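Single-structure report; data block below.
Values in this text are rule-based calculations from the coordinates and carry no lab data. As the structure is a prediction and not an experimental result, all values here were calculated from the model. In this analysis, Cβ positions are derived from the backbone assuming ideal geometry, glycine residues included, and neighbour counts consider all displayed protein chains.
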């Protein structure tokens, strides 16, 4: 059995020998090859004999699938899988196993960190002290108390629920927009199901945690922003493609929203030198780092490796997350 582990040299360096040893110990008859991705031509040669692929961010398109005639499974060292042509994988009967539930707490913490930094004007005060040498709390409006605010969460999966728990602990009223959530689930989590009309009228904070789909591409656009009544803070810790960034920039300029906390952008890595969202005291951008901690990264490697092992051993019920 041939197993190919491939990604950029930087990504592969995050794996250590113990991860490889775990595969070999559980699948003693397998041949494990590590290939730091250089170019597509060489990768296609490597994938031709592979029955399993472990990767994080390599684009797996029709060309790859055509060459990978023996491939049975792709295990992803990430929770997203938008780099993979899922329709082509399904057509060829190839399973895709993203890692799940390894960074829920980190992303929820990061969401609250962005919110608190924005609502308490931390970026403004940092610039006052470090760049302007000003010691004066009154150089910016004091804003409003967090416990008086209404938060709307888009996408109420594990991360959305974890954000709601934290917000409720701060005394925040939480609204939820998710077509897959029932009233019973909402009641169990002390949140209120709401539609866009209600959210646009009442929400002081909007936090996006939706998984990407064709239906929600550019969901947050000018038509959405211009109908917001409370000039809310906008947070995106879901996926960049759900937001029209040109419209987000205009919404900030016009004042439809009062600030933004973004851990994801439409293009990553972005062209930071020309990004109009930068250099604003009411915008905080982090480099897709919400998932990251020493603990979550350790869990991610173990989960991905064990997903690979369990799939190839036929232990499908032990796979962490949903097999796509």
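Some values worked out for this structure:
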read-out	value
Angle between the chain longest axis and helix 294-312 axis [Cα atoms, degrees, rounded to 10]	40
Contact order relative to length of region 198-247, as percent, for alpha carbon pairs under 8 angstrom and 6 or more apart	54
The chain: angle of helix 245-254 to the longest principal axis, Cα-based, in degrees nearest 10	10
Normalised per residue, the volume of the convex hull around the Cα set of region 1-150 (Å³)	186
Rounded FRET efficiency, nearest 0.05, which uses the C-beta distance separating residue 278 from residue 223 and R0 of 35 Å	0.90
Quarter of the Cα convex hull surface for the chain, i.e. its orientation-mean projected area (nm²)	18.5
Projected label distance in nm at residue 39 and residue 82, using a 7 Å step from Cα toward the beta-carbon	2.9
Principal-axis tilt of helix 17-26 within the chain, Cα atoms, nearest 10 degrees	50
Ordering of 25-38, 166-179 by burial proxy (mean other Cβ atoms within 10 Å per residue, highest first)	166-179, 25-38
Highest to lowest packing among 293-302, 110-119, scored as the average C-beta count within 10 Å	110-119, 293-302
Sequence-separation-based contact order of the chain, relative, with Cα cut under 8 Å and 6+ spacing, percent	17
Packing rank of 306-319, 234-247, where each peptide gets the mean count of other beta carbons within 10 Å, highest leading	234-247, 306-319
Cα centroid separation - region 250-324 against region 144-169, whole Å	18
Pairwise Cα inverse-distance average, inverted: Kirkwood Rh of region 104-285 (Å)	16.7
